[in-house]
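**Q** This is the structure I want to talk about, given as structure tokens.
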């Protein structure tokens, strides 16, 4: 699986848009020519009026957004370096680009939320067949041709690598013949990813860089609350998606399959234990996100988080919900060292608000041979 810096976000966007596809007869996303024709029709049709038109619009807008991000990330940064733009101008352009991405994600998220396929299947999708000029240089290089291709199914290691123009690499590592017959669980997978990515970028825009090198400034506290809602909704939708998958009775060219479905092209095979841990993880993340459990970020404490972020007094933990929903005033500096949070962000550890087991789970995965595999699992299951 390739995850080079500019394309990491692009790849997630491409997948979450690509897996929401129209019903048969509405559009053809099985070939490069079909993709071009479908997106041309979507662009001319205006506001989509039914589910198939909505999901077609999501595919086309999300893949266009991928192209925008990668083109800007390559040509834009090269232009700014050549022009020797001052730091202030660069920051303004970066903000503008992030705001554009947030706006597009919000629009496609709202379209996805309206899609109700029920038990019916939608179009068959062959993402490796698309051939798009991703970086805007007028040519379709091999890595662009296969940007949307799915890694082969199996327990491969999670790794970071640059874009490749080696055909043998794609034939060896990717399922170039993968076909997905999309259903409602795939729509929910895409919708959860839209919430998470939009929420993370909204969180980012809440802050500005400090003139000092030791922190960032909280410039827009209201965006902290918006980010909390978006990410929290993502956990809820991911839980619904998991239940939707487990309830499926067919086995026809699946994206994410449950343990009894063998015809799945999902890169990570999931067994009963995986679905159980997935459910536990969603439960624990939701509890942490809503402030029912606390992070062990105690001053002088042990463990990974305590060592990295000694934020709270002894006997208390970080209440993530309070941190987001009751943020400090604009202008507050978050230092990378010796950060002092508002007192309401730290809460006494008790039976009502116990410590979250998530840091311990992460540490166990980090220490084991399955640590990177666990990261791969988290990436694909959102």
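The values are calculated or read from the model by the stated rules, or taken from the named source; none is laboratory data. These figures come from a predicted structure and were not determined experimentally. Positions of Cβ are generated from backbone atoms using ideal geometry, with glycine treated the same way; all protein chains shown enter the neighbour counts.
**Q** Might you check whether a residue that is under 12 Å from residue 182 (Cβ atoms), at pLDDT 60 or above, assigned to a helix (DSSP H, G or I) and in the same structural domain as residue 154 (by TED's automatic domain parsing) occurs anywhere in region 22-30?
**A** no
**Q** Give me the residue from region 84-117 that is in contact with a helix residue (DSSP H, G or I) (Cβ under 9 Å, 6 or more places away or on another chain) and not in a helix (DSSP H, G or I) and, out of that set, farthest from residue 207 (Cα to Cα).
**A** Among them, the one singled out is 117.
**Q** Among the numbered criteria (1) surrounded by fewer than 16 Cβ atoms within 10 Å (Cβ to Cβ); (2) at pLDDT 95 or above; (3) touching a strand residue (DSSP E or B) at 6+ places or on another chain (Cβ under 7 Å), which one does residue 206 miss?
**A** (1)
**Q** If we keep just the residues of region 283-306 that are over 27 Å from the mean Cα position of the chain (by Cα) and on the phi < 0 side of the Ramachandran plot, which is modelled with the highest pLDDT?
**A** By that ranking, first place goes to 298.
**Q** Give region 63-83 a look and list any residue that's in a helix (DSSP H, G or I) and over 20 Å from residue 103 (Cα atoms), or say none.
**A** Across region 63-83, the qualifying residues are 74, 75, 77, 78, 79, 80, 81, 82.
**Q** Out of the residues in region 130-155 that are out of contact with any strand residue (DSSP E or B) (no Cβ under 7 Å at 6 or more places or on another chain) and within 30 Å of residue 247 (Cβ to Cβ), state the one that is surrounded by the most Cβ atoms within 10 Å (Cβ to Cβ).
**A** Taking the candidates together, the pick is 148.
**Q** Hey, another quick one. Looking at this structure, is residue 120 in a loop (DSSP other than H, G, I, E, B), over 25 Å from the mean Cα position of the chain (by Cα) and surrounded by fewer than 16 Cβ atoms within 10 Å (Cβ to Cβ)?
**A** Considered against the rule, which asks whether it is in a loop (DSSP other than H, G, I, E, B), over 25 Å from the mean Cα position of the chain (by Cα) and surrounded by fewer than 16 Cβ atoms within 10 Å (Cβ to Cβ), residue 120 comes out as yes.
**Q** Can you work out which of the residues in region 213-232 that are in contact (Cβ under 8 Å) with a residue 12 or more places away in the chain and farther than 20 Å from residue 98 by Cβ is surrounded by the fewest Cβ atoms within 10 Å (Cβ to Cβ)?
**A** So the residue we want is 214.
**Q** When the residues of region 313-343 are filtered to those that are outside any loop (DSSP other than H, G, I, E, B) and modelled with pLDDT under 80, which remaining residue is surrounded by the most Cβ atoms within 10 Å (Cβ to Cβ)?
**A** 334
**Q** Failed condition for residue 168, given (1) assigned to a loop (DSSP other than H, G, I, E, B); (2) out of contact with any strand residue (DSSP E or B) (no Cβ under 6 Å at 6 or more places or on another chain), with all others met?
**A** Residue 168 satisfies every listed condition except (1).
**Q** OK, next. Within region 70-85, which residues are surrounded by fewer than 22 Cβ atoms within 10 Å (Cβ to Cβ) and either touching a residue at least 60 places away in the same chain (Cβ under 8 Å) or within 17 Å of the chain's Cα centre (by Cα) (or both)?
**A** Hits for region 70-85 are 71, 73, 74, 75.
**Q** Which ones in region 344-380 are touching a helix residue (DSSP H, G or I) at 6+ places or on another chain (Cβ under 6 Å), buried (at least 17 other Cβ atoms within 10 Å of the Cβ), modelled with pLDDT of 75 or more and in a helix (DSSP H, G or I)?
**A** 345, 358, 359
**Q** May I pose another question? Which numbered condition in (1) touching a helix residue (DSSP H, G or I) at 6+ places or on another chain (Cβ under 7 Å); (2) more than 22 Å from residue 231 (Cβ to Cβ) is the only one that residue 191 fails?
**A** All conditions pass for residue 191, except number (2).
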